[in-house]
Structure formats: C-alpha cells, structure tokens
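Just below is one structure, and these are the notes that go with it.
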Amino acid sequence: MNKSNRFAPLWMALCVVVGILVGTFYANHFSGNRLSIINSNGSKLNNLLHYVNDMYVDTVDINDLVEKAMPQILSELDPHSTYIGAKDVQIATDDLKGSFSGIGIEFTIRQDTIRVQNVISNGPAERAGLIAGDKIVEVDDSVFVGKKVTNEEAMHRLKGPKDTKVKLGIIRYGEKKVKHVTITRGEIPTKSVTACYMLDSTAGYIRIKNFGENTYPELLIALAKLSQEGFSNLVIDLRGNTGGYLASAVQIANEFLSKGQLIVYTQGRKSARQEYRSDGRGSYQSVPLVVLIDEGSASASEILAGAIQDNDRGTIIGRRSFGKGLVQQPIEFSDHSMIRLTIARYYSPSGRCIQKPYTSGADKNYEEDLISRYQHGEFFSQDSIKHTGPEYHTGNGRVVYGGGGITPDIFVPEDTLGMTSYYKEASMSGLILQYAFNYTDENRQKMNDFKTGKALEPYLKKQNIVEKFVTFADKNGLKRRNLMIQKSHKLLERFLYSRIIYNMLNEQEWTEYLNQDDPAIIKTLELFRDGKAFPKPEADGEAQKVAHA
C-alpha cells in the first residue's frame, strides 16, 4: 500500500469535519429568515422536552406542547414579540399585503351564521350573484352554522388559492330555500386608504387605515384625485391606525419633507443605527398639513406623525398615540409558522423613543394602559397626560416628549356631551351593532336607491330608529332608561345611522357621515382658515403651552 492510499481515510475524515464546520458556519450566518431547531446536549429546554417525551406519566404531544410554549417564551421578552402558528400566518399578513385570494365579501357573524355585509365590486362573489344580506349556511356541501362558525374558521374555509372553487349554500332574505352557488376564488384587493374627499372648497381629506404594501401608491392616487378637485390644504387621518410596514410610513413622510430631513431611525443591541431620510423628491413639500391621531394610532402611524411633528412640517391634532416603538422582524420556521421578534426601537428625528414603558413578562399595566388613561381622564383633559420620558426639541425649538407615544400639538378631547351609562352599555355590549345589522337586513330593499350617506340620512331620520332600538335592547337585556335615553339621543342616533350607512354603502360614506360634526375635523378646518397649519418657532421654552392654548 502506498502512502497516499494509507492516509486516504484520514483525509476523508478531515474533509468531513471541515465540511461540517463550514456548513454550520454558513447555516448560522447566512440562513436568512428561516430557522431550524438544532438538537444540543447543552440545551436545557431541549433536554426538558426529551425528558417529558421519554419519562412523563401520560402520553404527551410534544409538537402541541412546543406550540403552546412558544408564545409563553416570547411573552417574557416584551409585549410585541409574538408567535404565529402556521395556520394563522396568512390571516395575520393578508391585511398588509395589498391583496388576498378569496371570494370577495365582507362578512359578520350573527346568531352563529355568516351574514354577507358587503360584496366587493366586480369580485368573484358579485359575479356569482351574491348580494349583501345573504346568509351562508353551507360550505362545500357541509352545513356551516352553529358554534363552529368563528371568524378564523370562516376565513379558513372561504379563502384559498386563486382559481380554486368553493361551493356555498346561501339563504336570501325573504326566502326559505337554500340556493347553491359555486365561486371561483380570485385576487381581492385590500385598501389602506379607505376615504378620500374634499372637506370644503380647499381642504382635502385622506384616511389611512393601516400601512401595507400598497399604501404609498394608494396615497399618490388619492392625492392626484384631490389635486383635480383643487385642494390647497391637506389632512391625513391616522386615528385607529395600528401601523404596519415601516417602509410605507417612510415613503409617505418623504412626500412632505424637504431633502435630507431625518424621518426615523432604528437601533438595537444587535442592530446598528439605521437612518431613513427624505430624498427631496416629494411633490407636496409645501402644502399646509394636519395629521390626526388618537390612542389607537400606533407604530408606523407614530413614525409618520413623529416625522411631521419633529421636523415642524405640520400640526398634529387629537389625543396622545398608543406608544409602540419596537421593531419586529418576521422569522419563518420550516413548518411555515412564524415569530415576530423585536430587534430594535424606533426613534423620531428629535431622538425620542416612542415606546411606552413596559416590564418583561406578562405586564398587566401595559395591557390595561388605555383603560388606565381613560380612567385617569387623559381622553378628556390635556392636563391629565402623564409624560414619563424626558423633553426633546423639534427643529424650531418646540418641546416634545419621549417615553410613550406622540403627544399632539393641539389636544381635542373625546366628546362626552350626552354620554350616559345607558349609552356606554348599548355600545360596548354590541347591541347597537346587532340592531343596525338587523335593521339593514330587513329594510335593504327600501334603502337600495340611496347611493350616498347624505342621501340616506334624511330617510333614516324619519324612521324613529332610536325608539325602535330601545325596544330591541329592552328585549335583549338592556333595561329602558328614559331620562338617559333622552340625554344620549343624539349619540345613539349618530352611532345607529353610521352603522346602517356602513352596512348599506361603504367605509368612505361611513367616514364622511362621522366627519360632519367631528371635533378634530372642525378644529382642523379652523386651523387652515387661520393659516396656522405650520407650527411657529418656540419662544422662551413655551412650546407645549402655546400649542395647547
């Protein structure tokens, strides 16, 4: 045997070891967003699972145990690191993707049955003949009513790959026989910009529901529409917008800022500081601008509002925002489940962190923060706002605060005129939503000719709807309180009309109806008329006081 043959096994062994080392290095450093669980003798958690599997008194489904443990482990880190099971990933991401594959309906569940609330124009369901008010009682020849009908299960059955078919059994209002239709699923657009119209002869209004893949192009289309109608002032409504993609918020901010202005930066323990600046190509750098926020505005909404405020580009009106300033990175597992892991924090241009305080683990105070704010009176008085962070300054010297959301330049309290315990129970119990849906369902034929909320409202005023609701509520456990009903009559009427308009028409008409007497909209129009949308430089440290006067 020659020398080369004698050392061949040794060389082969060395090659295998080197291959393993190189493979491990690349797996650890270049695996992208896909992770795999690597068994390790040094892993206490892995050993625990082995002990349970090998020695526990009863049979245990280890996979199920891991699924239950994942959310618990992540909850020990922060309030926004989360685990999403494989079957829920699509539902969790559809709203931001700009489209999904389905039949094209908006539905609600009443009395354990799917009720079609709206049918998307020119979508698969409309082409198949479905109309608002239809009840879906069968899916693919299986009865689908009762306790098993949940939002999640309904979406699971109705959504599906493009060009696949689903057979539905429907019952139409006034009919008893089940009618069967087969629908071929298609791509259904999801809109981020849900309302766009002129508030008056000069002020354009745009409502952004969330920040998804198509939000920026949708905004450009909305701005082009308003340009054709001659807008010279602009309000962007972010109230109730819980956020979405950072990139979309940055693109939108870029439209309004001059070149080189900082929009936001992110930084974390393992994430180097990354800055996002405007490139100067925005087409609306000088239009007077107001941004509306409230306690439901979070994450990407706060990035946009913070960029506008810190750069003194426009005025922020409303109530203090939610305070979510943590950056999550989606990481997918081989079974297509996913975690959203916090890797950094957002910082506004002045350097303030938007994130409100939290403690690791199950933080009850964090979960109940909005309730605490409400009880403390923050929704009703600017003096009740608790600033937990230090002071920062905008470009022209105005004071802003870190440590918990964006505090508006002009505070608009929640309207409590006419608020009673009766109204609170009627709205929070869901009875108003139930009655509005039932009323719409029963009177759809009579209201079909009304194409706008303004046209429908006078009709509704003649129908004595509040009294009819009170009778319905009394039969469903909410006792009549005549004095409270009289005091809350306008609020009850407004809520009921708005939901009927939403059920009959669309989100745009619903928004226009609610904005008619909205205090934040009224304040915005006053600001535009006075030419005060651009914040003034601070004098002698009085920024916040002057802004709130």
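The values are calculated or read from the model by the stated rules, or taken from the named source; none is laboratory data. Everything quoted here is computed from the prediction, not taken from an experiment. A quick note on method: Cβ atoms are made from the backbone with ideal geometry, for glycine too, and the neighbour counts reach across all protein chains shown. Protein only, heavy atoms only, side chains kept; ligands, DNA and RNA dropped before computing areas. Shrake-Rupley method; radii C 1.70, N 1.55, O 1.52, S 1.80 Å.
Report note on the peptides 49-57, 421-429, 447-455: ranked by the mean count of other C-beta atoms within 10 Å, highest first, their order is 421-429, 447-455, 49-57.
All Cα-Cα separations within the range 160-217 were binned at 5 Å from zero, giving a P(r) of 4, 14, 12, 11, 11, 12, 12, 11, 8, 4, 0, each value a whole percent of the pairs. Residues whose amide H lies under 5 Å from that of R352, counting only those 5 or more places away or on a different chain, are absent; hydrogens are built 1.01 Å from N in the peptide plane. Over the range 353-418, Cα pairs under 8 Å with separation of 6+ residues give a relative contact order of 37 percent.
A cut-off of 5 Å between modelled amide H atoms, ignoring neighbours fewer than 5 places along the same chain, links A195 with R207. In terms of its C-alpha gyration tensor, the range 472-529 has an oblate overall shape, because the principal axis ratio a/c (a ≥ b ≥ c, square roots of the eigenvalues) is not below 1.5 and a/b does not outweigh b/c. Heavy-atom surface analysis with a 1.4 Å probe gives the range 159-317 a carbon and sulfur content of 49 percent of its accessible area. Can you give me the relative contact order of the chain as a percent, contacts being Cα pairs under 8 Å and 6 or more apart? This gives 12 percent for the chain. Antiparallel beta bridges, as assigned by DSSP with both residues in the range 244-339, represent about 60 percent of the total such bridges. Among residues other than N482 whose Cβ falls under 14 Å from its Cβ, what is the net charge (Lys/Arg +1, Asp/Glu -1)? Its environment carries a net charge of +2. Just one of (1) 29.0, 101; (2) 21.5, 70; (3) 27.6, 108 is Rg and Dmax of the Cα atoms in Å as worked out from the coordinates here. Which one is it? Comparing each candidate, only (3) matches the computed number. Distances between every pair of Cα atoms in the range 233-332, grouped in 5 Å steps from 0 to the bin holding the largest one, split as 3, 13, 24, 24, 19, 11, 4, 1, 0 percent. Of the trypsin sites (Lys or Arg not before Pro) in the range 151-193, the ones in a loop by DSSP (not H, G, I, E or B) with at most 12 other beta carbons within 10 Å are K176, K177. Rounded to the nearest 20 debye, the dipole size of the chain about its Cα centre is 640 debye, using +1 on the Cβ of Lys and Arg and -1 on the Cβ of Asp and Glu. For the residue pairs K446/K479; K97/K532; K454/K490, alpha carbon separations beyond 25 Å are given by K446/K479; K97/K532.
For the range 475-489, the Karplus equation 6.51 cos²θ - 1.76 cosθ + 1.60, evaluated at θ = phi - 60°, returns couplings of 6, 10, x, 9, 5, 4, 10, 4, 5, 5, 5, 4, 5, 9, 4 Hz by residue, with Gly and Pro reported as x. The alpha-carbon of K536 sits under 27 angstrom from the alpha-carbons of these lysines, leaving out residues fewer than 8 places away in its chain: K259, K386, K523, K545. Computed over the chain, the per-residue total of -39500 (n - 2.57) for DSSP H runs of n ≥ 4 gives a 222 nm mean residue ellipticity of -11500 deg cm²/dmol, rounded to 500. Computed over the alpha carbons of the range 410-470, Rg followed by Dmax gives 14.5, 44 Å. With both residues required to sit in the range 188-292, DSSP beta bridges show an antiparallel share near 45%. Here the range 186-251 yields Rg over Rh of 0.99, to two decimals, using C-alpha coordinates and the Kirkwood radius.
In the range 427-540, Rg over Rh equals 1.12, where Rg is the alpha-carbon radius of gyration and Rh the Kirkwood radius from pairwise Cα distances. Phi angles of the range 273-280 translate, via the Karplus equation with coefficients 6.51, -1.76, 1.60 and θ = phi - 60°, into HN-Hα couplings of 4, 10, 9, 10, 10, 6, 9, x Hz per residue; Gly and Pro are given as x. Its residue count N sets the reference 2.2 N^0.38 Å, and the alpha-carbon radius of gyration of the range 44-114 equals 1.65 times that reference. Cross-link list K209/K324; K209/K462; K44/K270; K135/K167; K162/K191: which exceed 22 angstrom alpha carbon to alpha carbon? Beyond 22 Å: K209/K462; K44/K270. Each label point was placed 7 Å from the Cα along the Cα-to-Cβ direction; for D54 and T182 their separation is 5.5 nm. Is the range 62-208 rounded, prolate or oblate when judged by the Cα gyration tensor, a ≥ b ≥ c being the square roots of its eigenvalues, rounded requiring a/c under 1.5 and prolate requiring a/b larger than b/c? Oblate, because a/c is 1.5 or more while a/b does not exceed b/c.
Beta bridges assigned by DSSP with both partners in the chain are antiparallel in approximately 75 percent of cases. Taking label points 7 Å from Cα along the Cα-to-Cβ direction, S429 and K44 give a separation of 5.1 nm.
In this structure, the amide hydrogen of L77, modeled 1.01 Å from its nitrogen in the peptide plane, lies closer than 5 angstrom to those of G361, counting only residues at least 5 positions away or on a different chain. For the range 305-428, the relative contact order comes to 33 percent (Cα pairs under 8 Å, sequence separation of at least 6). Summary of the geometry: the range 150-222 and the range 347-413, compared by the centres of their Cα atoms, lie 34 Å apart. The translational diffusion coefficient of the range 312-407, from Stokes-Einstein at 10 °C and 1.306 mPa s with a Kirkwood hydrodynamic radius over alpha carbon pairs, comes to 104 µm²/s. In the range 133-190, one over the average inverse separation of all distinct C-alpha pairs is 12.3 Å, which is the Kirkwood hydrodynamic radius.
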